[in-house]
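Trainee: Would you mind keeping the following structure in view while I ask a few things?
The values are calculated or read from the model by the stated rules, or taken from the named source; none is laboratory data. Note that the structure is a prediction, hence the values are computed from the model and not measured. Counting neighbours? That spans all protein chains shown, and the Cβs are built from the backbone with ideal geometry, glycine included. Ligands, DNA and RNA are excluded from the accessible area calculation, which covers all protein heavy atoms including side chains. Shrake-Rupley method; radii C 1.70, N 1.55, O 1.52, S 1.80 Å.
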Amino acid sequence: MSSRVESLVASGHVAEIATAVRGGQVRAREVVECYLDRIAKHDGTLGCYLRVDADGARRRGDGVDAALASGATVGPLAGVPIGIKDIFCTEGIETTCASKILKGFIPPYESTVTARLSAAGAIGLGKLNMDEFAMGSSNENSAFGPVRNPWDPARVPGGSSGGSAAAVAAGLCAASLGTDTGGSIRQPAALCGVTGVKATYGRVSRWGVIAFASSLDHPGPFGRTIRDAAWMLSAIAGYDPNDSTSIAAPVGNYVQACAGGVSGLRVGVPEEYFSVGLEPEIESAVRAAVETIRQAGATVVPVSLPHTRYAVAAYYLISTAEAASNLARYDGIRYGHRATNVGSLEELYARTRGEGFGSEPKRRIMLGTYVLRSGYYDAYYGKAQRVRRLITNDFQAAFADCDVIATPTSPISAFKIGEKISDPLALYLADVYTVGPSLAGLPALSQPCGFSSAGLPIGWQLIAPPLGEETLFRVGGAYEAATSWHQRRPRALFGTEVVA
Amino acid sequence: MSRITIKEVEELATLSRLQLEGDEAERMRGELEAVLSYIDAIQALDTTGVEPLTHAVGFPCPLREDELEPSLPIEAVLANAPRKDDRFFEVPRIVPKSDGRTEKTGGTR
Amino acid sequence: MSIADVLSRWEPVIGLEVHVQLATKTKIFSPSSAAFGIAPNGATDPLVLALPGTLPRLNRAAVDMAIRLGLAVGGRVRPECRFSRKHYFYPDLPKGYQISQFDEPIVEGGGIEFLFEGKPHRVALTRIHMEEDAGKNIHASDGRSLVDYNRAGVPLCEVVSEPDLRSAEEAAEYVRALRVLVRTLGICDGNMEEGSLRCDANVSIRPRGTVPYGTRAELKNINSFKNVKDAVTHEIFRQAALLERGEKIVQETRLWDANRGVSQSMRSKEDAHDYRYFPEPDLPPIHVDEAWLADARSRLPELPMARMARYQQTLGLPEQDAVVLSAEREIGGYFDAALAHPGMKDLGKRLANWVMNELLARVTDPRELVDANLPIPPANLAELVTLVEKGTVSGKLGKEVFAKMWDERLTASAIVERDGLAQVSDSGELEGICVQVVAANPDEVARFRAGDKKLQGFFVGQIMKQTGGKANPKAVSEILGRLLK
Ligand SMILES: [Mg+2]
Ligand SMILES: [Zn+2]
């Protein structure tokens, strides 16, 4: 392995890898091999990948090299190895959503997002671990074992896209795909020290993304840096007729926006997002980040999001109701796990689902069934949708006074595996800062903004109005230009703490 | 405070087609009760006159033209099926009948 | 206990829910075929199979058909309607929920109009909503069931009537009228045996002269007009017998078994009716604007009741004829096509007679009338009617000509020419025959002249015999009049 490839992979920048491959400085196949080596070396400990498609990745790498050798034009991400959360259907490649109930399921079709990445030349290395059906924020709910945080393997990487965040942080792929329903991209990005973006609801297609809560599910990318995330989002965003909630508006120039600067931008800071339960080190890191952006030319204004305290309740009502519905199809008839030796249809359903689902999906199915029962709709689901309107209105009002809102991503940094597993409610409450933008369908990202005294990453969240992705990238780009948190690496995995 | 009884948990499990094993029902009872108690705080908020928000996007449903695309080939249709018979998916007998006659039931509600 | 007996004490209250399969090419939410008769599971796609990650995409044609139906029944087409998910577990329902409409259906109100007991009648509708069909469970005799998902996702309109029907006959006529309507609109093929039109009936009874509704039972699986009548009648009996024994009616769903002529309770779990509806998050609300409505309205064909009125008012047809000719889309269509030929407007009744007495006698399914292989297309019938009217062929021979046209697929004029069936109107030739007949029957001539005018028929008969029936009756009576003076 040439040191050139190794240093490329250590820095792991999407654009640099693509440029080097396109320019012939490295071969795509070499880059793939380097990542496969790293996976072989480190993933036994970390558990990021559920499935590594080494042969497929090598084949696609060779394909890129052959195309370049023949003078054919290649996509903007040609030769960039990525990881794919196991919630995206990949044709011919087992897709389980980290659930026993989908073990062995091989989709006959491809998700729009993964198809677009392939078309852009990106090379899928394999399928990434996650919380079962994207339910969780610690990745301890995977049926196939937890993912460990690259900064401290005793700790969780966050979730539900824990494998996607950890794989990027550990250099086991250059970038990755995740999904965010109530914070499942942003929270693990914060806990793993990488950048994660959830675009406007409808900006990235859900076709082929296994549904958790349909009105809240947002596919999106992870990258080491804001530009990596911008490259990835550029490749996957845009109208898709297969998704009836897909937005037809043109896609912005996210990469260019990273260099757009923040002069004239108004950054809103909602006091409701700096409340009880927020770790002091996180609060001071986020406030310092706001100050950095102010110094870079933005103005800072206080805003108010008064219904924030109802957001977690509304989120869990809506998401569990939709989840109970979306998970009704897992019946052991057409695909997936099926109980054996059943005597009746009722037994087939109850045992297949009882055996196939882990405790978190079961809990949420039960809760969702409860809130949709006849007689309960108005008090629960109907009420939650009205609260969802109020929360959306809060953001709309706030955006009259500012262009982007800055908050902490998570009130807590990465905790120990097993520490909170017996108290589901406590973990639900930790979603407090991410569920608001989810309910309102707003674009939001999490970006590294510091480290705790325990050496754990801290992230801040930026929220923009609908289709305001470019504003997010402007702020994120300006912040990276002024700081170096994004260059930090877990020493055990890179042999160094900072990569330029 | 929402009180959830074990009986309610069992009803929910039946309605959700989830077989609960061992102490699962009892554990679930406590967890559901805790979460619902928290969620109940939402009832304090007055939402009179507030229009429910069902979709985060503001545009109407797009419409697909009535143009035929090929079916999935039958091998792909059945490839993931745990049990199949010829071109069919197989399930246990749906309506237990004493006389074993062949009949068709079901249909759309 | 006779039905009349039962009905003297109890008044039935019946509401019908008819599922109308829409005649689209593809499914309501995905692009695989909606056709009937494809090999099991050979008309599926990832969405139909409810593969994880699939999303519904609404078929414009299905919405358009629902709009046309709504306009045809005079209902209100909502400017905004939406889909909801209706949950239940059943192997033929791949997603574990049916995408249906709940609180915001596409059409509200309206009514189905038809002649009932000789009088114009209207049954009010509550609503019409769109939804997807389920697949089919096939029950093998060895204790397993097999599932075919071809039908899952075929678009349906569920037409829900008010509980305004008061007899089994009225219910059957209502379904018949609805079938004619959807076939006239071209939105459903109406094949009840293929399940294109399926009926559920909500039946309750109450003591005559009382107002509150009794407890109702929902009858499912009613697949023919006869079934509608039989199932409802059976249910009225069943409920009356229970109530008269002092027992209670249980609110339940019952499955009609047409073979055995009985219904059977489908009640299984206490959760059967907790469908846990909520708005379908994968489909934003559907907007139907004025332009769409106006366009759909402009594409509505003449509706059965209007056609019936036109036949009576502008053609002067008797009601009976108008009913027959407008009873099926294809009959009216055939009749109108023939009517469009020159001269036919004034011969409406004659044409109607030919259609009803000759054509329909040879057709078992009205759809044969629009078949390209129909032996007598409308133009050819119009020609025959013209030939008879002009006297080229006699009315009696005309029937023979019709039979030959049907069997040999030839035009009337071709047959008349080939077989020399044209009436003999040439006075020279006829005169000769008449003279001959008169001369050959002196006794009859004498009796006729003596006043036995009934013998006119004898002479005409003799002349017809001589001419092989081709003599023009008018000319014959004119000549005979002269010769027998
Ligand atoms: Mg119904
Ligand atoms: Zn229905």
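Trainee: Give me the dipole magnitude in Debye, nearest 20, for the range A:223-278 about the Cα centre, with unit charges on the beta carbon: positive for Lys and Arg, negative for Asp and Glu.
Mentor: On the way: 3 positive and 5 negative charges, 54 e Å.
Value, rounded to 20: 260 debye.
Trainee: Moving on. Tell me, what HN-Hα J-couplings in whole Hz come from the Karplus equation 6.51 cos²θ - 1.76 cosθ + 1.60 at θ = phi - 60° for each residue of the range C:83-91, using x for Gly and Pro?
Mentor: After applying 6.51 cos²θ - 1.76 cosθ + 1.60, I find 9, 10, 9, 10, 9, 6, 9, 7, x Hz.
Trainee: On a C-alpha basis, how far is the centre of the range A:1-60 from the centre of the range C:1-61 in Å? Whole number, if you could?
Mentor: 52
Trainee: Collect residues whose amide H, placed 1.01 Å from N in the peptide plane, falls under 5 Å from the amide H of A:ALA339; neighbours closer than 5 in sequence don't count.
Mentor: A:THR352
Trainee: Can you list the HN-Hα couplings for the range C:109-126, worked out from phi with the Karplus curve (6.51, -1.76, 1.60; θ = phi - 60°), rounded to whole Hz and with x for Gly and Pro?
Mentor: Result, rounded to whole Hz: x, x, x, 9, 10, 7, 7, 10, 6, x, 10, x, 9, 9, 10, 6, 9, 7.
Trainee: Can you pull the one-decimal nm distance between simple spin-label points at C:SER2 and C:LYS119, each 7 Å off the Cα toward Cβ?
Mentor: 2.4
Trainee: Another one. Which residues' amide hydrogens lie under 5 Å from the amide hydrogen of C:GLY110, considering only partners 5 or more residues apart or on another chain, with H built in the peptide plane?
Mentor: C:ARG76, C:LEU125
Trainee: Moving on to the next point. Among C:THR314, C:THR210, C:LEU49, which residue has its Cα furthest toward the positive end of the charge dipole of the protein assembly as shown, with +1 on Lys/Arg Cβ and -1 on Asp/Glu Cβ?
Mentor: Checked the options; the winner is C:THR314.
Trainee: Please give the residues of the range A:158-192, grouped as numeric ranges, whose backbone N is less than 19 Å from a label point set 7 Å along the Cα-to-Cβ vector of A:GLU6.
Mentor: A:170-174
Trainee: Rounded to the nearest 100 Å², what is the sum over both chains of accessible area buried where C meets B, with a probe of 1.4 Å?
Mentor: On the way: alone 23370 and 10810 Å², together 29070 Å².
Adding both sides of the contact gives about 5100 Å².
Trainee: Quick one: with all protein chains in place, what share of the accessible area of chain A is carbon or sulfur, to the nearest percent (1.4 Å probe)? Intermediate results must be reported in sequence, preceding the final value.
Mentor: Details: 7310 of 14270 Å².
Carbon and sulfur atoms account for 51 percent of the accessible area of chain A.
Trainee: Within a Cβ distance under 10 Å of A:TYR109, other residues only, what is the Lys/Arg minus Asp/Glu net charge?
Mentor: On the way: positive: none; negative: A:GLU91, A:GLU110, C:ASP45.
Net charge in that neighbourhood comes out at -3.
Trainee: For the pair A:ARG491 and B:SER37, what calculated FRET efficiency results from E = 1/(1 + (r/R0)^6), where r is the Cβ-Cβ distance and R0 = 41 Å, to the nearest 0.05? The partial results should precede the final answer.
Mentor: Numbers: r = 44 Å, r/R0 = 1.08.
Taking R0 as 41 Å, the efficiency between B:SER37 and A:ARG491 is 0.40.
Trainee: Per the helix-only calculation at 222 nm, which mean residue ellipticity applies to the protein assembly as shown, given -39500 (n - 2.57) for every DSSP H run of n ≥ 4 and division by its residues, nearest 500 deg cm²/dmol? Numbers along the way, then the final one.
Mentor: Details: 37 runs with 407 residues, N = 1094.
Value at 222 nm, helices only: -11500 deg cm²/dmol.
Trainee: Further, regarding this structure: Give me the accessible area of B:ASP40, 1.4 Å probe, in Å² rounded to the nearest 10.
Mentor: 40
Trainee: Could you name the aspartates and glutamates in cross-link range of C:LYS470, using Cα to Cα under 20 Å and dropping any fewer than eight places away on the same chain?
Mentor: Correct list for C:LYS470: C:GLU383, C:GLU389, C:GLU400, C:GLU417, C:ASP419, C:ASP426, C:GLU429, C:GLU431, C:GLU478.
Trainee: Please tell me which of these pairs span more than 30 angstrom C-alpha to C-alpha: A:LYS362/B:LYS84; A:LYS383/C:LYS86; A:LYS100/A:LYS416; C:LYS226/C:LYS349? Write out the running numbers ahead of the final one.
Mentor: Details: A:LYS362/B:LYS84 27 Å; A:LYS383/C:LYS86 19 Å; A:LYS100/A:LYS416 25 Å; C:LYS226/C:LYS349 32 Å.
The pairs that break the limit, which is 30 Å between Cα atoms, are C:LYS226/C:LYS349.
Trainee: Once amide H atoms are built 1.01 Å from N in the peptide plane, which residues 5 or more positions from C:VAL262, or in another chain, come under 5 Å H to H?
Mentor: For C:VAL262, the qualifying residues are C:ASP257.
Trainee: Now a separate question. Averaged per residue, what accessible surface does the range C:427-484 expose to a 1.4 Å probe, in Å²?
Mentor: Details: 3210 Å² over 58 residues.
Result: 55 Å² per residue.
Trainee: A follow-up question, please. At 1.4 Å probe size, what's the solvent-accessible area of C:THR126? Round to the nearest 10 Å².
Mentor: Accessible surface of C:THR126 is approximately 60 Å².
Trainee: What is the spin-label model distance, in nm, from C:SER477 to A:VAL300 if the labels are put 7 Å beyond Cα along the C-beta direction?
Mentor: Distance between label points: 11.4 nm.
Trainee: Per-residue HN-Hα couplings for the range B:71-85, Karplus 6.51 cos²θ - 1.76 cosθ + 1.60 at θ = phi - 60°, whole Hz, x for Gly and Pro?
Mentor: 5, 4, x, 4, 5, 6, 4, 9, 4, 9, 6, x, 9, 9, 9
Trainee: Now for a different question. Roughly speaking, what % of Cα-Cα pairs in chain C are separated by over 45 Å, rounded to a whole number? Kindly include the intermediate steps, with their values, before the conclusion.
Mentor: Working: 37038 of 117370 pairs.
So the pairs more than 45 Å apart make up 32 percent of the total in chain C.
Trainee: Continuing with the same structure: Report relative contact order for chain A in percent, whole number only (criteria: Cα-Cα under 8 Å, sequence separation at least 6). Intermediate values should be presented prior to the final figure.
Mentor: Working: 1238 pairs, mean separation 86.0, N = 500.
For chain A, the relative contact order is 17 percent.
Trainee: Expressed as a whole number of Å, what is the distance separating the alpha-carbon centroids of the range A:439-472 and the range A:174-249?
Mentor: Answer, in whole Å: 13.
Trainee: If I model a spin label at C:GLU252 and A:ARG58 as a point 7 Å from the Cα along the Cα→Cβ vector, what separation in nanometres do I get?
Mentor: Distance between label points: 6.6 nm.
Trainee: Given charges of +1 on the Cβ of Lys and Arg and -1 on the Cβ of Asp and Glu, with all other atoms neutral, how large is the dipole of the range A:391-500 about its Cα centre, in debye to the nearest 20?
Mentor: On the way: 6 positive and 10 negative charges, 103 e Å.
With Lys and Arg at +1 and Asp and Glu at -1, about 500 debye.
Trainee: Something else: Using the beta-carbon distance between A:LEU429 and C:PHE237 and R0 = 56 Å, what value does 1/(1 + (r/R0)^6) give for FRET efficiency, to the nearest 0.05? Present the calculation step by step, with values, prior to reporting the outcome.
Mentor: Working: r = 61 Å, r/R0 = 1.09.
Using R0 = 56 Å, I get an efficiency of 0.40.
Trainee: Just want the answer: with Cβ charges of +1 for Lys and Arg and -1 for Asp and Glu, which residue in C:GLY332, A:GLY354, A:PRO465 is farthest toward the dipole's positive end in the protein assembly as shown?
Mentor: Of C:GLY332, A:GLY354, A:PRO465, it is C:GLY332.
Trainee: Considering only Cα-Cα distances, which of the following residue pairs are longer than 27 Å: A:LYS85/C:LYS136; A:LYS198/C:LYS27; C:LYS390/C:LYS465?
Mentor: Violating the 27 Å Cα-Cα cut-off are A:LYS85/C:LYS136; A:LYS198/C:LYS27.
Trainee: For an R0 of 56 angstrom, estimate the FRET efficiency from the Cβ-Cβ distance between A:THR73 and C:ASP289 and round to the nearest 0.05. Please list the in-between numbers first.
Mentor: Working: r = 44 Å, r/R0 = 0.78.
It comes out at approximately 0.80.
Trainee: Oh, and also: Just reorder A:VAL156, C:VAL250 by solvent-accessible area, largest first, 1.4 Å probe, all chains present. Don't skip to the answer; put the middle values down first.
Mentor: Numbers: A:VAL156 0, C:VAL250 70 Å².
Sorted by accessible area, descending: C:VAL250, A:VAL156.
Trainee: For the range C:27-67, what does the accessible surface come to per residue with a 1.4 Å probe? Please give it in Å².
Mentor: On the way: 760 Å² over 41 residues.
Heavy-atom SASA per residue in the range C:27-67 reads 19 Å².
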